[in-house]
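The values are calculated or read from the model by the stated rules, or taken from the named source; none is laboratory data. Not measured: the values here are computed from a predicted model. Because the Cβ atoms are built from the backbone with ideal geometry, glycine has one as well, and the counts that use them run over all protein chains shown. Heavy atoms of the whole protein, side chains included, go into the accessibility calculation; ligands, DNA and RNA do not. Shrake-Rupley method; radii C 1.70, N 1.55, O 1.52, S 1.80 Å.
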Amino acid sequence: MARMRAQPIRTAAPASGAPHVPVLLDEVIAALNPAGEGVIIDGTFGAGGYTRALLAADPTLRVLAIDRDPRAIAGGQALVAEAKGRLALVPGRFGDLDSLAATAGEGTVQGVVLDIGVSSMQLDTPERGFSFRHDGPLDMRMGAEGPSAADIVNEADETELADIIYHYGEERRSRAVARAIHEARRRGRIETTAQLAEIVAGVVRVEPGSHIHPATRTFQGLRIAVNDELGELVRALHAAERVLAPGGRLAVVTFHSLEDRIVKQFFAARSGRAAQGSRHLPSQGAPEPRSLSLVTKGPVLPGDAELARNPRARSAKLRAVARTDAPVPPPLSAIETLASLPEHRRGGARR
């Protein structure tokens, strides 16, 4: 990334009517505390909300932004041009952010921000197949590679489907959903979001007055499985730990309990807060070096004003840490376990 004299970056939305609103934007920038020359990695570029704010926060700051979605890379080229050498936008997975930084010629960086999960612009594009609110092909891939949701729905065995929906979607009726899918696909492939949503709605009932669609958890579980979202998160936390300079900060915004649990447990373990062990991270002998220190003592939540502007922020949580000068410990196998399905699942699920 070339070092050039900074040019002002407009802080307004990148385009009129832009569909994506960055969540906890002010809080994220405050947690990262960008100051002086250096590089911050935006591991989940999306529509560029965090990147734009970071470029505006300090005129000497540079940003390396990453996204696995080709549409996000294409859509961000105007901002790359506007930034005049202060922004490099590269395709890739944020779990590889340290190697991507090295390829871009960066050693250590002063900050990393991760906004986990699916973006509004992906949810609101029917042909991407992320949402049951718009009928479209059952795809759900953030990138262009790998099996789609339709492949999993039509080819996974009933037990594996139940596992995905239960553990990644937190759907208590997962076994009934998997059975209904299995029966439906005997009559023909399930190819669209509307087809799948109708099948799920036939066996999942919501509480009276609830605004949650019956298929919400099933779609979440499939999306996480298709994109290996929890595995990517675990890899990204370890990668950020490796690439941050002492004093550099990592800010992570999550949107559901599975993501937040992984981030919380990782931060607790690396900051020494989990030295006694827990049911998720049992004690593994001598304490590891404290490679991270907590910046936020608990989750930072959206305020009422933000919730009024952006209802999709209601489940967001921000946690942040700073890198110490301690050596990076080995990867946490217990955290990796949190991201995967239990080993015994191929032998039959109990729910």
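Report yes if some residue within the range 179-194 is in contact with a Phe, Trp or Tyr (Cβ under 8 Å, 6 or more places away or on another chain) and over 30 Å from residue 270 (Cβ atoms); otherwise report no.
Residues of the range 179-194 that are in contact with a Phe, Trp or Tyr (Cβ under 8 Å, 6 or more places away or on another chain), as a first pass: 193-194.
With over 30 Å from residue 270 (Cβ atoms) added as a condition, the list becomes 193-194.
Yes, the range 179-194 has at least one match.
Restricting to the range 144-189, count the residues that are of a type in the set (A, V, I, L, M, F, W, C) and either over 17 Å from residue 228 (Cβ atoms) or without any contact (Cβ under 8 Å) to a residue 60 or more places away in the chain (or both). Spell out the reasoning first.
At the first step, the residues of the range 144-189 found to be of a type in the set (A, V, I, L, M, F, W, C) are 144, 149-150, 152-153, 156, 161-162, 164-165, 176-178, 180-181, 184.
From what is left, the residues that are either over 17 Å from residue 228 (Cβ atoms) or without any contact (Cβ under 8 Å) to a residue 60 or more places away in the chain (or both) are 150, 156, 161-162, 165, 176-178, 180-181, 184.
Within the range 144-189, residues that are of a type in the set (A, V, I, L, M, F, W, C) and either over 17 Å from residue 228 (Cβ atoms) or without any contact (Cβ under 8 Å) to a residue 60 or more places away in the chain (or both) number 11.
Hey, residue 172 hits all of (1) touching a helix residue (DSSP H, G or I) at 6+ places or on another chain (Cβ under 7 Å); (2) of a type in the set (Lys, Arg); (3) more than 30 Å from residue 295 (Cα to Cα) but one; which does it fall short on?
Of everything listed in (1) touching a helix residue (DSSP H, G or I) at 6+ places or on another chain (Cβ under 7 Å); (2) of a type in the set (Lys, Arg); (3) more than 30 Å from residue 295 (Cα to Cα), residue 172 misses just condition (1).
For the subset of the range 33-43 comprising residues that are buried (at least 24 other Cβ atoms within 10 Å of the Cβ) and not charged (D, E, K, R), which member is nearest to the chain's Cα centre (by Cα)? Break it down into steps so the answer makes sense when it comes.
Filtering the range 33-43 down to residues buried (at least 24 other Cβ atoms within 10 Å of the Cβ) leaves 39-43.
If we keep only those that are not charged (D, E, K, R) as well, we get 39-41, 43.
Numbers: 39: 21, 40: 17, 41: 14, 43: 9 Å.
Filtering the range 33-43 for residues that are buried (at least 24 other Cβ atoms within 10 Å of the Cβ) and not charged (D, E, K, R), the one nearest to the chain's Cα centre (by Cα) comes out as 43.
Taking the condition of being within 19 Å of residue 116 (Cβ to Cβ) and part of a helix (DSSP H, G or I), how many residues in the range 63-72 meet it? Spell out how you get there, then give the answer.
First, the residues of the range 63-72 that are within 19 Å of residue 116 (Cβ to Cβ): 63-69, 71-72.
Okay, now just the ones that are also part of a helix (DSSP H, G or I), so 71-72.
Number satisfying all stated conditions: 2.
Cβ-Cβ under 6 Å, sequence separation 6+ or interchain: first residue in the range 91-107 and more than 14 Å from residue 40 (Cβ to Cβ), partner surrounded by fewer than 22 Cβ atoms within 10 Å (Cβ to Cβ) and among the hydrophobic types (A, V, I, L, M, F, W, C). Which pairs?
The qualifying pairs are 91/73.
Residues in the range 204-215: is at least one in contact (Cβ under 8 Å) with a residue 60 or more places away in the chain, part of a helix (DSSP H, G or I) and either among the aromatic types (Phe, Trp, Tyr) or over 19 Å from residue 337 (Cα atoms) (or both)? Before you say what the answer is, go through the steps one by one.
Quick first cut of the range 204-215, residues in contact (Cβ under 8 Å) with a residue 60 or more places away in the chain only: 213, 215.
Now drop any that are not part of a helix (DSSP H, G or I), which leaves none.
The answer is no, given that none of the residues of the range 204-215 is in contact (Cβ under 8 Å) with a residue 60 or more places away in the chain, part of a helix (DSSP H, G or I) and either among the aromatic types (Phe, Trp, Tyr) or over 19 Å from residue 337 (Cα atoms) (or both).
Taking the range 192-223 as the search range and keeping residues that are among the small types (Gly, Ala, Ser) and farther than 15 Å from residue 168 by Cα, which one is least open to solvent (accessible area, probe 1.4 Å)?
Of all residues in the range 192-223, those among the small types (Gly, Ala, Ser) come to 194, 197, 201-202, 209-210, 215, 221.
Still in the list and also farther than 15 Å from residue 168 by Cα: 194, 197, 201-202, 209-210.
Values: 194: 42, 197: 10, 201: 38, 202: 47, 209: 71, 210: 51 Å².
Of everything passing the filter in the range 192-223, 197 is least open to solvent (accessible area, probe 1.4 Å).
Restricting the search to the range 42-57, which residues are touching a Phe, Trp or Tyr at 6+ places or on another chain (Cβ under 8 Å) and over 17 Å from residue 84 (Cα atoms)?
Restricting attention to the range 42-57, the residues satisfying the condition of being touching a Phe, Trp or Tyr at 6+ places or on another chain (Cβ under 8 Å) are 42-44, 51.
Selection gives 42, 43, 44.
Quick one: would you say residue 141 is of a type in the set (D, E, K, R), modelled with pLDDT under 80, open to solvent by 10 Å² or more (accessible area, probe 1.4 Å) and assigned to a loop (DSSP other than H, G, I, E, B)?
Against the criterion (of a type in the set (D, E, K, R), modelled with pLDDT under 80, open to solvent by 10 Å² or more (accessible area, probe 1.4 Å) and assigned to a loop (DSSP other than H, G, I, E, B)), residue 141 does not qualify.
Is it the case that the range 261-268 has a residue that's farther than 30 Å from residue 110 by Cβ, aromatic (Phe, Trp, Tyr), within 18 Å of the chain's Cα centre (by Cα) and surrounded by 23 or more Cβ atoms within 10 Å (Cβ to Cβ)? Give the derivation first.
Start the filter on the range 261-268 by keeping residues that are farther than 30 Å from residue 110 by Cβ, which leaves none.
So far as the range 261-268 goes, no, none of its residues is farther than 30 Å from residue 110 by Cβ, aromatic (Phe, Trp, Tyr), within 18 Å of the chain's Cα centre (by Cα) and surrounded by 23 or more Cβ atoms within 10 Å (Cβ to Cβ).
Okay, residues lined up against (1) modelled with pLDDT of 95 or more; (2) within 18 Å of residue 312 (Cβ to Cβ); (3) assigned to a loop (DSSP other than H, G, I, E, B):
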{"position": "5", "(1), (2), (3)": "no, no, yes"}
{"position": "10", "(1), (2), (3)": "no, no, yes"}
{"position": "22", "(1), (2), (3)": "no, yes, yes"}
{"position": "27", "(1), (2), (3)": "yes, yes, no"}
{"position": "30", "(1), (2), (3)": "yes, no, no"}
{"position": "36", "(1), (2), (3)": "no, no, yes"}
{"position": "41", "(1), (2), (3)": "yes, no, no"}
{"position": "47", "(1), (2), (3)": "no, yes, yes"}
{"position": "59", "(1), (2), (3)": "no, no, yes"}
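Just one of (1) among the hydroxyl-bearing types (Ser, Thr, Tyr); (2) at pLDDT 95 or above; (3) open to solvent by 60 Å² or more (accessible area, probe 1.4 Å) trips up residue 51, so point out which.
Looking at each condition in turn, residue 51 falls short on (3).
Which numbered condition in (1) modelled with pLDDT of 95 or more; (2) outside any strand (DSSP E or B); (3) touching a Ser or Thr at 6+ places or on another chain (Cβ under 8 Å); (4) not hydrophobic (A, V, I, L, M, F, W, C) is the only one that residue 325 fails?
(3)
Please enumerate the residues belonging to the range 307-325 that are over 19 Å from the mean Cα position of the chain (by Cα) and open to solvent by 20 Å² or more (accessible area, probe 1.4 Å).
Start the filter on the range 307-325 by keeping residues that are over 19 Å from the mean Cα position of the chain (by Cα), which leaves 307-309, 322-325.
Those that are over 19 Å from the mean Cα position of the chain (by Cα) and open to solvent by 20 Å² or more (accessible area, probe 1.4 Å): 307, 308, 309, 323, 324, 325.
Just to be sure I understand, how many residues within the range 66-109 are under 21 Å from residue 141 (Cα atoms) and open to solvent by 60 Å² or more (accessible area, probe 1.4 Å)?
Selection size over the range 66-109: 7.
Please count how many residues of the range 147-177 are open to solvent by 10 Å² or more (accessible area, probe 1.4 Å), in a helix (DSSP H, G or I) and of a type outside the set (Val, Ile, Thr).
Selection size over the range 147-177: 10.
Which of (1) open to solvent by 40 Å² or more (accessible area, probe 1.4 Å); (2) assigned to a helix (DSSP H, G or I) does residue 180 not meet, given it meets every other one?
In the conditions (1) open to solvent by 40 Å² or more (accessible area, probe 1.4 Å); (2) assigned to a helix (DSSP H, G or I), residue 180 misses (1) alone.
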